[in-house]
Amino acid sequence: MKIHRLPALETNIFYLLEEDGKALIFDPGDADVLQSFLKEHNLKPEAIWLTHHHWDHINGVEQLKSHYDIPVYSSVFDSKRLSFVDHGLKAGSEISFHSNSFKIIDFKGHAKGQIGYHCEKSRVIFVGDLLFSLGCGRLLEGTAEDHFESLNRLKKLPRDTKIYFAHEYTQTNFEFLKTIAEQVPPEDSLEQIQAHILWLKRDQEFTSPSTLDFELRNNPFLRCSFQDFVEIRKLRDLW
Ligand SMILES: [Fe+2]
């Protein structure tokens, strides 16, 4: 299974899985970007999987669905509010793309219907806007408790899991991290973290995927108490 990363809109990263000439599309916030890519690489899309309902994750769904006649999957919660969704997925259920099976994890907090897609065999997870490298999604629909519990579910996965997040905010998150490093100190030095970001960006302008290991060592939102989580989430919103 090959994972393609496509920079799109202002800060989004779209993901497309490829196996045997077939493709699976995650969160298409813009159909044109994906259609050009599919054409260029001669890939046949088979389905669209959504992590949540925000416009930058779904804007391209209807165009792609009508052009390729493919099914759309989301959480059960989002399937009730998005008319173009064909199948609602429950937390704990499994869904496959060719030889890879993905388990659905409840990631509500940033959005009430947000889910993650975890493939244990390939050690990958698609988290939507639950977490970004060195940061996390804003609390837009769910409660702080929801979000904190969702992050705790992510923390339980194997440390070598690659995390595919949906926005490139890593450098900005690093600048914020510097302002709270005394309150929630990272395990690596700030110099090491900056060097790591630059290394990840060496050939493309984005840092995804990260690893759970790196985030557990350095992401303040995974390294704090619930009280600190509420506080630093607020500070980040105002920063
Ligand atoms: Fe979002």
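Within the range 71-87, the set of residues being charged (D, E, K, R) and touching a residue at least 24 places away in the same chain (Cβ under 8 Å) comprises D78, R81. Restricting the range 96-118 to residues that are surrounded by fewer than 20 Cβ atoms within 10 Å (Cβ to Cβ) and assigned to a strand (DSSP E or B) leaves a set whose member that is nearest to the ligand (Cβ to nearest atom) is D106.
Picking from residues in the range 194-203 that are at pLDDT 95 or above and surrounded by 14 or more Cβ atoms within 10 Å (Cβ to Cβ), the one that is nearest to the chain's Cα centre (by Cα) is I197.
Can you pull out the residues in the range 85-95 that are exposed (fewer than 15 other Cβ atoms within 10 Å of the Cβ), of a type outside the set (D, E, K, R) and part of a strand (DSSP E or B)?
Within the range 85-95, just H87 meets the criteria.
How many of the residues making up the range 125-139 are away from the ligand (no atom under 16 Å from the Cβ) and assigned to a strand (DSSP E or B)? Residues that pass the stated criteria total 1. Listed by first and then second residue, the pairs linking a residue in the range 211-236 that is surrounded by fewer than 19 Cβ atoms within 10 Å (Cβ to Cβ) to a residue that is in a helix (DSSP H, G or I), with Cβ atoms under 6 Å apart and 6 or more places separating them unless they lie on different chains, are L216/L222; F226/F148; V230/A144. Please verify whether H52 is in contact (Cβ under 8 Å) with a residue 40 or more places away in the chain, crowded, with 22+ Cβ neighbours inside 10 Å and either within 23 Å of I3 (Cβ to Cβ) or within 16 Å of the ligand (Cβ to nearest atom) (or both), treating the condition exactly as stated. Against the criterion (in contact (Cβ under 8 Å) with a residue 40 or more places away in the chain, crowded, with 22+ Cβ neighbours inside 10 Å and either within 23 Å of I3 (Cβ to Cβ) or within 16 Å of the ligand (Cβ to nearest atom) (or both)), H52 qualifies. Under the condition of being surrounded by fewer than 20 Cβ atoms within 10 Å (Cβ to Cβ) and either among the aliphatic types (A, V, I, L, M) or within 16 Å of the ligand (Cβ to nearest atom) (or both), the residues counted in the range 174-193 number 4. Looking only at the range 140-173, filter to residues that are among the hydrophobic types (A, V, I, L, M, F, W, C) and assigned to a loop (DSSP other than H, G, I, E, B); which one of those is farthest from the ligand (Cβ to nearest atom)? Selected residue: L157.
The values are calculated or read from the model by the stated rules, or taken from the named source; none is laboratory data. Fair warning: this is a prediction, and the values are worked out from it, not measured in the lab. Cβ atoms come from the backbone with ideal geometry, glycine included; neighbour counts cover every protein chain shown.
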